[in-house]
Structures are given as structure tokens and as C-alpha cells.
1. Normalised by the number of residues in the chain, what is the relative contact order in percent for Cα pairs under 8 Å and 6+ residues apart?
2. In debye, nearest 20, what is the charge dipole magnitude of the chain about its Cα centre with +1 on Lys and Arg Cβ and -1 on Asp and Glu Cβ, if you could check?
3. For the stretch 3-63, how many pairs of lysine residues have a Cα-Cα distance under 16 Å, where the two are 8 or more positions apart or belong to different chains?
4. Tell me, what ³J(HN,Hα) does each residue in the stretch 27-33 have, in order and in whole Hz, if you take phi through Karplus 6.51 cos²θ - 1.76 cosθ + 1.60 with θ = phi - 60° and put x for Gly and Pro?
5. Work out the charge dipole of the chain with +1 on the Cβ of Lys and Arg and -1 on the Cβ of Asp and Glu about the Cα centre, then indicate which of ASN25, ILE56, MET41 is farthest towards its positive end.
6. Run through the chain and list the GluC sites (Glu not before Pro) located in a DSSP loop whose Cβ has at most 16 other Cβ atoms within 10 Å.
7. Fewest first, what order do LYS3, LYS57 take by the number of other Cβ atoms within 10 Å?
8. Specify the angular offset, from 0 to 90 degrees and rounded to the nearest 10, of the alpha carbon long axis of helix 3-23 from the longest principal axis of the alpha carbons in the chain.
Amino acid sequence: MAKEETTNFELKLENAKKMLEKLMNPEITLEDSVKEYEAGMKELQEAQKILEEAQIKIQEIKNK
């Protein structure tokens, strides 16, 4: 992974972790918990996409 991709990947994971911490708060409202869940899932999906792209690049390098 390029440095920028690594930074983005790590940032997205960190954001998802922060959202999970908010969800663990027993005082969070149902509406806020749904919003945090949706945002966290989006961050994780984007992180997964970055990881998959890196895996494709590695496979391409191996196949050369």
C-alpha cells in the first residue's frame, strides 16, 4: 500500500473504532446509535475496499 492509502486505511479504522465507542455509551439515543452504526459501517466498507485494492496490486506483482 502506498503511504497515502495506508494513512487512509488506518484513519478509517480509527474512525470506526471511535464510532463503536460512542455506540457503547448506554446513554446514546436510538436515533444517534443508528446514525453512528451507519457511519461506522461506511468507514469499514471503505477500509475494506482499500485493503482489497492493495491485495490486487500485490497479486499483480506476484504474477509478473
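Only the coordinates and a few stated rules stand behind these numbers; no lab work does. What you see is a predicted model; the values in this text were computed from it and never measured. Cβ: placed from backbone, ideal geometry, glycine included. Neighbour counts: every protein chain shown.
1. After rounding, I find 42 percent.
2. Using Cβ point charges on Lys, Arg, Asp and Glu, the chain gives about 380 debye.
3. 13
4. Once rounded to whole Hz, the list reads 8, 5, 7, 4, 4, 5, 5.
5. My answer, from the dipole projection, is ILE56.
6. Sites meeting the loop and neighbour criteria: GLU27.
7. LYS3, LYS57
8. 20 degrees
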